[in-house]
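The values are calculated or read from the model by the stated rules, or taken from the named source; none is laboratory data. These numbers come from a predicted model, not from an experiment. Glycine gets a Cβ as well: all are built from the backbone with ideal geometry, and neighbour counts include every protein chain shown.
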Amino acid sequence: MTASITAIRRAEIPAQGLQLDLCWDAALLAQLPEDSCRDIEPPLHVQLRFRPEGGRIIMDGTCRAQCRIACVRCLERFEYPLTRSFRYVFQLPGMHKAAGNVQLGAEDIEAVVLDGEQIDLLAPVLEQVCLGLPAYPHCSSGCRGLCPQCGANLNTGACACTSATGPRSPFAVLGTLKKRHEQA
Ligand SMILES: [Zn+2]
Ligand SMILES: [Zn+2]
């Protein structure tokens, strides 16, 4: 039951800390705005550890899911196994400047000031899913992309344009220059 919660209350975090192993399934993810999770193949596994410290609550997390993202060259979707670790620091209200002993490392996200009792888990985790996906994904390092003329996926084979007959293909121009050179 607790595996599908998407928020906790500060009072639920004991002084010794708390660990949550969450599994957000298709039904839960379907309730979210489509563009925030359309690349995720449910379920999304989330492990979170909370630790109160001074005027803050430290949240260390890992999220893991199989994603399907579109290659920027051939536009085909492909499987991308996402694993991302992150840390959020929630600052308690009225304790903004509290002297804490927490050292913020390079991997840390800036502190988030809590405005109530509730800590929302969805927004930070989905933000991390977005950050964990490549900005310019390639289905493979050797992806041939689409033919600029007919739009065929060149990974599945050559299209009719590749016989250097297309006047706008830069390669066709090179081929013509080469022929001229050989004939000269
Ligand atoms: Zn591709
Ligand atoms: Zn073509």
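So which residues in the stretch 9-63 are more than 22 Å from Leu133 (Cβ to Cβ), of a type in the set (A, V, I, L, M) and touching a helix residue (DSSP H, G or I) at 6+ places or on another chain (Cβ under 9 Å)? Walk me through how you get there before you give the answer.
Initially, the stretch 9-63 is screened for residues more than 22 Å from Leu133 (Cβ to Cβ), giving 9-21, 27, 49-58.
Now restrict to residues that are of a type in the set (A, V, I, L, M): 11, 13, 15, 18, 20, 27, 57-58.
Matches in the stretch 9-63: Leu18, Leu20, Ala27, Ile57.
Restricting the search to the stretch 28-54, which residues are part of a helix (DSSP H, G or I) and either free of Cβ contacts under 8 Å to residues at least 40 places away in the same chain or of a type in the set (A, V, I, L, M, F, W, C) (or both)? Spell out how you get there, then give the answer.
Filtering the stretch 28-54 for residues part of a helix (DSSP H, G or I) gives 28-29, 34-37.
Across the stretch 28-54, the qualifying residues are Leu28, Leu29, Glu34, Asp35, Cys37.
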message: Being within 20 Å of the chain's Cα centre (by Cα) and surrounded by fewer than 15 Cβ atoms within 10 Å (Cβ to Cβ) is the filter here; which residues of the stretch 5-22 pass it?
response: Asp21
- prompt: Is there a residue in the stretch 30-49 that is surrounded by 19 or more Cβ atoms within 10 Å (Cβ to Cβ) and under 15 Å from Val89 (Cα atoms)?
  reply: yes
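Looking at Leu20, Leu75 in this structure, which one is modelled with pLDDT of 95 or more, out of contact with any Lys or Arg (no Cβ under 6 Å at 6 or more places or on another chain) and either in a strand (DSSP E or B) or more than 16 Å from ligand 2 (Cβ to nearest atom) (or both)?
Values: Leu75 fails: either in a strand (DSSP E or B) or more than 16 Å from ligand 2 (Cβ to nearest atom) (or both).
Residue meeting the stated conditions: Leu20.
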- request: Would you mind stating whether Ala3 is part of a helix (DSSP H, G or I) and free of Cβ contacts under 8 Å to residues at least 60 places away in the same chain?
  value: yes
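Do you know which of the residues in the stretch 139-179 that are touching a Leu at 6+ places or on another chain (Cβ under 8 Å) and modelled with pLDDT of 90 or more is nearest to ligand 2 (Cβ to nearest atom)? If you could, list the steps in order and put the result at the bottom.
So the first thing to find is which residues in the stretch 139-179 are touching a Leu at 6+ places or on another chain (Cβ under 8 Å), and the list is 144-147, 152-154, 162.
Among the residues that remain, those that are also modelled with pLDDT of 90 or more are: 144-147, 152-154.
Values: Arg144: 11, Gly145: 11, Leu146: 8, Cys147: 3, Ala152: 5, Asn153: 10, Leu154: 8 Å.
Among those that are touching a Leu at 6+ places or on another chain (Cβ under 8 Å) and modelled with pLDDT of 90 or more, it is Cys147.
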- prompt: Here is a list of conditions, (1) surrounded by 14 or more Cβ atoms within 10 Å (Cβ to Cβ); (2) acidic (Asp, Glu); (3) modelled with pLDDT of 80 or more, and Asp108 meets all of them except one; can you say which number that is?
  reply: (3)
- request: Please enumerate the residues belonging to the stretch 35-71 that are over 16 Å from Ser4 (Cα atoms) and among the small types (Gly, Ala, Ser).
  value: Ser36, Gly54, Gly55, Ala70
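Of all the residues that make up the stretch 113-157, how many are assigned to a loop (DSSP other than H, G, I, E, B) and within 16 Å of ligand 1 (Cβ to nearest atom)?
18
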